[in-house]
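Single-structure report; data block below.
The values are calculated or read from the model by the stated rules, or taken from the named source; none is laboratory data. Source: prediction; values computed, not measured. Positions of Cβ are backbone-derived with ideal geometry, glycine not excepted, and every protein chain shown enters the neighbour counts. Only protein heavy atoms, including side chains, enter the accessible area calculation; ligands, DNA and RNA are left aside. Shrake-Rupley method; radii C 1.70, N 1.55, O 1.52, S 1.80 Å.
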Amino acid sequence: MLYWGILFAIFAIGEIIIPGLVSIWLALAALIMVVLSPFIDSIQIQLAIFCILSLIFIIFFRKIFKRYMKVKDKLDVERVKIVKLTAQEGGKYVYDARFKGGIWTAVSNVKLNEGDIADIGRFEGNKIIIGEK
């Protein structure tokens, strides 16, 4: 019973340090084993129950909770300030744009003027692709 309590603490602390929604399910299975282990003498059976519980928790609950705890993959709408038009290539306009204190290359399908503020659509390498409105 003591070792299941120690494993519970290790997994719980591991989930706090590196959140990934895996260690928490192992911690929950170890906590259940703390309660069950006094009634089961065989360590092999305890380990089998722990493994089965862990797999059940990881397979069924991780997907459910991950949806609710999902970090935004998208950028909040960030903007750049157009400094100047540098080129026009195949219907695309290439600009020098100010973003986070630096000058970046920005590409757009629409013509913009100096001083315009444009929304960032995405990044391609070191270029900013300006989103269309």
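Taking every residue in segment 92-111 that is closer than 11 Å to I82 by Cβ and pairing it with any residue that is among the aromatic types (F, W, Y) and open to solvent by 70 Å² or more (accessible area, probe 1.4 Å), at least 6 positions away or on another chain, the pairs with Cβ-Cβ distances below 7 Å are A97/W104. Any residue in segment 40-60 that is open to solvent by less than 40 Å² (accessible area, probe 1.4 Å) sitting within a Cβ distance under 8 Å of a residue that is acidic (D, E)? List the pairs, counting only those 6 or more apart or interchain. Correct list of pairs: empty, since none qualify.
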